[in-house]
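Beneath this line is the structure, given in structure tokens, with notes to follow.
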Amino acid sequence: MNKEVANALYRYFEILYNFNRNLITLCGVDVIDNSAHYEKFLEEVIHATPKLIPYKYDKPTKRYVLVSKDGLLEFIDEIPFINEDYRNILQRHYDLLKRIKRIRNKFEHKMHGARIVSSGSGSGSLFDATYQIGDEAFDLTANELISLAKDLNTMFTKIQRLVGRFAYEQEKVDHPYYRRLIRYDFCNFNQIYESELLRNIGKAFLPF
């Protein structure tokens, strides 16, 4: 860890923080009562994912791969575990990340090109949604998005520990910037996802 890396982390931490808040909010939706809101929160989650995970479609291999030197992979020398952690995340959530990328790309080039054609929520599941792009359908569910979030939170908590150590070594533990980066352990979100109160917390986050 060095000052350059620490200064670059704020935007990534902010995006992950909002990613979690939006996802937790989605876990409290009723797709009928909250029809005016939930699509916005889901779209924010979709847009945030490729910002947090630097991956793209590789035409020669016809697979999605990590993009070296993109995003936080630029700092692989200062965050030595990040390449392996990202590879594990891409492998574990490959099908989900593939669907998210297709939906996100369609939003980017034609906002009306991806639309939700079905959705659900209830006692049996938190939420699910199906996007239609041309003749193809892409399903997203709460459980798979939560699983992805928990892995990202675990990785970013490890980065927070590097920041804390660096701030201590530089005698800057009381500096407002470093305090902001480490004030909330991202793995605390994982405890919320695993809580029986998840749905109620999500409802509390929804606009009145």
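Numbers below:
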read-out	value
V31 hydrophobic (A, V, I, L, M, F, W, C) and at pLDDT below 95	yes
Members of segment 86-96 that are more than 16 Å from I133 (Cα to Cα) and surrounded by 16 or more Cβ atoms within 10 Å (Cβ to Cβ)	Y86, I89, L90, H93
Criterion (among the aliphatic types (A, V, I, L, M), free of Cβ contacts under 8 Å to residues at least 40 places away in the same chain and at negative phi) met by exactly one of V173, V163	V173
Conditions (1) open to solvent by 20 Å² or more (accessible area, probe 1.4 Å); (2) touching a residue at least 60 places away in the same chain (Cβ under 8 Å); (3) part of a strand (DSSP E or B): number failed by L140	(1)
Test set (1) closer than 18 Å to K106 by Cβ; (2) modelled with pLDDT of 95 or more; (3) not aliphatic (A, V, I, L, M) - E39 fails condition number	(2)
Which numbered condition K110 misses (of (1) open to solvent by 40 Å² or more (accessible area, probe 1.4 Å); (2) modelled with pLDDT under 75; (3) under 20 Å from L145 (Cβ atoms))	(3)
Test: residue in segment 69-77 that is among the acidic types (D, E), outside any helix (DSSP H, G or I), in contact with a Phe, Trp or Tyr (Cβ under 9 Å, 6 or more places away or on another chain) and at pLDDT below 90	no
Condition check for F13: crowded, with 17+ Cβ neighbours inside 10 Å and over 30 Å from L206 (Cα atoms)	no
Among the residues listed as T61, T49, T25, the single one being open to solvent by 70 Å² or more (accessible area, probe 1.4 Å) and at negative phi	T61
Evaluation of I103 against (1) over 21 Å from R11 (Cα atoms); (2) loosely packed, with under 14 Cβ neighbours inside 10 Å (one fails), failing number	(2)
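The values are calculated or read from the model by the stated rules, or taken from the named source; none is laboratory data. Just so it is clear, the structure is predicted and the values come from calculations on it, not from any experiment. Backbone-built Cβ (ideal geometry, glycine too); neighbour counts: all protein chains shown. Note: areas computed on protein heavy atoms with side chains; ligands, DNA, RNA excluded. Shrake-Rupley method; radii C 1.70, N 1.55, O 1.52, S 1.80 Å.
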